[in-house]
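Written below as structure tokens is the structure these notes are about.
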Amino acid sequence: MPATPAMAETEFRACLSAARSGDDAAWASLYRWLAPQILGFLESARVPDAEDVLGDVFLEVARRIRRFSGDARGFRSWVFTIARTRRADAIRRRVRRPEEPFDMPVLEAIRSADDVEGEALATVGLGELLVVLDQLTDDQSEVLVLRALGGWTAREVGEITDRSTGAVEQLQHRALAALRMLLDSA
């Protein structure tokens, strides 16, 4: 999946102000900017009804947007933090009430130009990617998806997941080692 382009700070400020005033076009712009990444994050965890959870994320954003203060990158991090909470809620519900497995919609290949995660993840197809992510721990999978799909730095992933930068880097290192071993044995 190509990285979502960063929203220019001036464009973001205008969108944020207009969205706070209830402007539909501003909300649509914010949604188009972040929804593909959030949906990919949710689908990578095999969240049932990921699109419904995505709607819940943006409903929460709408409820709390007046309290947000910060720049475009901070807003993106804030929305991912909300998505992470909704993802955890959905996973807990799934564990309490298991459902039959379902076919995932096709995700575009995750790509990153010059990082190990992107190169490794780009070499596998969707089916292999989901199988590999299922074989990692939840924490490892989450870190890889946030780094590769979200384009976050280790520090930013730490802020989103409430972990230290060192813990994120260690999870990433272990996930990549496991990923290499899984791909080599395939």
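The values are calculated or read from the model by the stated rules, or taken from the named source; none is laboratory data. None of these values were measured; they are calculated from a predicted model. In this analysis, Cβ positions are derived from the backbone assuming ideal geometry, glycine residues included, and neighbour counts consider all displayed protein chains.
Worth a mention:
- Check on A167, assigned to a helix (DSSP H, G or I) and at pLDDT below 85: no
- Among the candidates R63, R46, residue that is surrounded by fewer than 20 Cβ atoms within 10 Å (Cβ to Cβ) and either aromatic (F, W, Y) or at negative phi (or both): R63
- Leading residue by the ranking (farthest from the chain's Cα centre (by Cα)) among those in the range 134-157 that are exposed (fewer than 15 other Cβ atoms within 10 Å of the Cβ) and in a loop (DSSP other than H, G, I, E, B): T137
- Once the range 7-42 is narrowed to residues that are of a type in the set (A, V, I, L, M) and not in a helix (DSSP H, G or I), the residue that is modelled with the highest pLDDT is A8.
- Within the range 52-75, the set of residues being in contact with an Asp or Glu (Cβ under 9 Å, 6 or more places away or on another chain) and charged (D, E, K, R) comprises D56, D71, R73.
- Among the residues of the range 26-62, those identified as farther than 21 Å from G74 by Cα and either of a type in the set (G, A, S) or not assigned by TED's automatic domain parsing to the domain that holds V79 (or both) are S44, A45, A50.
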